[in-house]
Amino acid sequence: MAKQPAAVLGTGQTHYVAKRHDVSMSGLVREAIDRAMTDAQMGWDDIDAVVIGKAPDLFEGVMMPELSMVDAIGATGKPMLRVHTAGSVGGSTANVAASLVQAGVHRRVLAVAWEKQSESNAMWALSTPVPFTMPVGAGAGGYFAPHVRSYIRRSGAPEHIGAMVAVKDRLNGAKNPYAHLKQPEITLEKVQASQMLWDPIRYDETCPSSDGACAVVLGDEDTAKAAEQAGRRVAWIHATAMRTEPTTYAGRDQVNPEAGRVAAAALWKQAGITDPLGEIDCAEIYVPFSWFEPMWLENLGFASEGSGWKLTEAGETAIGGRLPVNMSGGVLCSNPIGASGMIRFAEAAIQVMGTAGDHQVDGARKALGHAYGGGSQYFSMWVVGSDRPTN
């Protein structure tokens, strides 16, 4: 059976900061939900189901927090589903919610993802011994730095590319009222002078640790058309894709992971896109360390292998370039891990809805939202557009 059309009707985000001591997890999540519901002009009776997502429970030290949050997220008496795919979970959560609408199971679904990292320690959470798998004793930065070094060696990219991405994203973040890091005075020289943490990743080329939440309201074709007839813009979902691969296996390429390539190929095919660079107007890509921009440009098929950095160096990923990337500032400016993927999806949606404010891309009609997680083995992505899909 063919998928039924679905659309993003509204989005909501909290302001992202290092520590939200003024609210509980329930209060934090409710802020994003209330904003999304208001944006979608929906009441609780309009929501048929709730899908939630967050990163590992150890990140906050609270096991299965959804058990105590049912009331706060409006799920009392309704179907509720939790999704967990490590750092990509925000994107996966949006995709699962979309699939419930596309399959005709529910007409209107609320999806929400969050993280309150200030209540625990992510480095500790990533380093605990797990049966049958290797502990990540170095944290995320230490784990990914060797992959960055491999990319530089393989592509011949000049060393300033990472700093260029950091400057671009932080300048974009300064235009985003929700962003955690706002550095309008940042320069290439300042980034290059910042402390080296994991060679070649410097302090100013890394993501922050944030508290925050993001929510989206999704609806079926009739609901979306009614919104459009009332003069509101929606973001039609043109395609979704999720793929995984093991963390460790012989011959695995963590610079250009197979799961990401396969997911992107499936996404473009489903969306009817044959030239991603020419047909996508802007992209929110999961870039927690600056060097991942050129790496993922290649993995997603925007550039051939070894040439992603050339798009970055030429300024093509800046607002006004050929493919603006991370107009909101991206993960480099705000990183509530469980929500970071959904933020990418929501930001793609508001671009085609024309409601992104100071970081809006003029004329954006088709956008990519992307997330990855774990040891670069979980991938989720979607394409949204201002027009109803025809395929």
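Report, in debye and to the nearest 20, how large the dipole of segment 8-116 comes out about its Cα centre when Lys and Arg carry +1 and Asp and Glu carry -1 on their Cβ.
That gives a dipole near 160 debye.
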Candidate span helices, the chain: DSSP H, at least 15 Å along axis from Cα coords, Kyte-Doolittle average at least 0.5, result 89-102, 337-353
Set Lys78/Lys116; Lys19/Lys310; Lys190/Lys269, cut-off 30 Å on Cα-Cα distance; pairs above it are Lys19/Lys310; Lys190/Lys269
Quick shape summary for segment 193-258, equivalent ellipsoid via Cα gyration tensor, semi-axes whole Å in descending order, reads 40, 22, 11
Of the candidate values (1) 21.1, 72; (2) 19.3, 56; (3) 21.1, 65, the one computed for Rg and Dmax of the Cα atoms in Å from this structure is (2)
Between the alpha carbon centres of segment 299-367 and segment 1-61 the gap in Å comes to 21
Computed about the Cα centre, the charge dipole of segment 307-391 from +1 Lys/Arg and -1 Asp/Glu charges at the Cβ has a magnitude in debye, to the nearest 20, of 220
Ala122 neighbourhood, Cβ < 10 Å, K/R = +1, D/E = -1, net charge -2
Segment 4-54 accessible area per residue, 1.4 Å probe, protein heavy atoms, integer Å², reads 38
Regression test value, accessible area per residue of segment 320-382, probe 1.4 Å, units Å², expected 20
Working note, segment 188-231: Cα radius of gyration (Å, one decimal) and Dmax (Å, whole number) are 21.5, 54
Taking Lys and Arg as +1 and Asp and Glu as -1, residues besides Gly363 with C-beta under 14 Å from its C-beta add up to 0
Summing -39500 (n - 2.57) over every DSSP H run of at least 4 in the chain, dividing by its residue total and rounding to the nearest 500, the 222 nm mean residue ellipticity is -10000 deg cm²/dmol
With a ≥ b ≥ c from the Cα gyration tensor eigenvalues, square-rooted, and the rule rounded for a/c under 1.5, otherwise prolate when a/b > b/c and oblate otherwise, segment 306-354 is oblate
What the 5 Å binned alpha carbon P(r) of segment 181-302 shows, as percent of pairs per bin from 0, is 2, 8, 12, 14, 15, 17, 13, 10, 5, 3, 1, 0
Binned at 5 Å starting from 0, the alpha-carbon pair-distance distribution of segment 259-371 in whole percents comes out as 2, 13, 24, 27, 22, 11, 2
Using the Kirkwood formula on alpha carbons, the hydrodynamic radius of segment 111-259 in angstrom works out to 19.3
What the Cα atoms of segment 1-130 span along the principal axes, largest first and in whole Å, is 44, 32, 25
Computed for segment 80-194: size of charge dipole around the Cα centre, +1 on C-beta of each Lys and Arg, -1 on C-beta of each Asp and Glu, debye to nearest 20, value 300
Once the in-chain neighbours fewer than 8 apart are removed, the aspartates and glutamates whose Cα is under 16 Å from Lys175 read Glu185, Glu284, Glu347, Asp358, Asp362
For 36-45, 278-287, 333-342, ranked highest to lowest by mean beta-carbon neighbours within 10 Å, the order is 333-342, 278-287, 36-45
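Roll a 1.4 angstrom probe over the protein heavy atoms and tell me the percent of accessible area of the chain that is carbon or sulfur.
54
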Output ordering of 198-210, 215-227 (per-residue mean of other Cβ within 10 Å, highest first) is 215-227, 198-210
When the charge dipole of segment 1-144 is computed with +1 on Lys and Arg Cβ and -1 on Asp and Glu Cβ about the Cα centre, the Cα farthest towards its positive end, among Thr76, Ser99, Val17, belongs to Ser99
Working note, segment 138-216: Cα radius of gyration (Å, one decimal) and Dmax (Å, whole number) are 13.9, 40
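The values are calculated or read from the model by the stated rules, or taken from the named source; none is laboratory data. Computed from a prediction, not measured in an experiment: that's the story for all the values here. FYI the Cβ positions are ideal-geometry reconstructions off the backbone, even for glycines, and counts take in every protein chain you see. Ligands, DNA and RNA are excluded from the accessible area calculation, which covers all protein heavy atoms including side chains. Shrake-Rupley method; radii C 1.70, N 1.55, O 1.52, S 1.80 Å.
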